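Okay, structure first, notes after.
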């Protein structure tokens, strides 16, 4: 994804909560940075939340990024994969 720069990513697993990941990223040409949190019990279907990373910004831009995540499976998978790469190998 050439227009997306991942700043940081992480993922943890617990029996109680399942898989929980965080991806901090920016999109070329946008003034804000974002954080996406993801959750899944079995790493098959992901729920997510999207937030501004450091400070509030234009809500329309946040909604536009959310639309991108909903419509572009490659982008969503790219971000999820960045977090999965940080998962402790014993949970993969």
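Only the coordinates and a few stated rules stand behind these numbers; no lab work does. Worth saying up front: this structure is predicted, and the values here are computed from it rather than measured. Ideal geometry is used to build each Cβ from the backbone, glycine not excepted, and the neighbour counts take in all protein chains shown.
Below is a table of values for the structure above.
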| item | result |
| --- | --- |
| Per-region count, segment 27-47, residues touching a residue at least 24 places away in the same chain (Cβ under 8 Å), closer than 19 Å to residue 9 by Cα and surrounded by 14 or more Cβ atoms within 10 Å (Cβ to Cβ) | 8 |
| Count of segment 1-19 residues which are touching a strand residue (DSSP E or B) at 6+ places or on another chain (Cβ under 7 Å), more than 17 Å from residue 74 (Cα to Cα) and surrounded by fewer than 16 Cβ atoms within 10 Å (Cβ to Cβ) | 5 |
| Members of segment 51-92 found to be loosely packed, with under 12 Cβ neighbours inside 10 Å, part of a loop (DSSP other than H, G, I, E, B) and without any contact (Cβ under 8 Å) to a residue 24 or more places away in the chain, listed by number | 54, 55, 56, 92 |
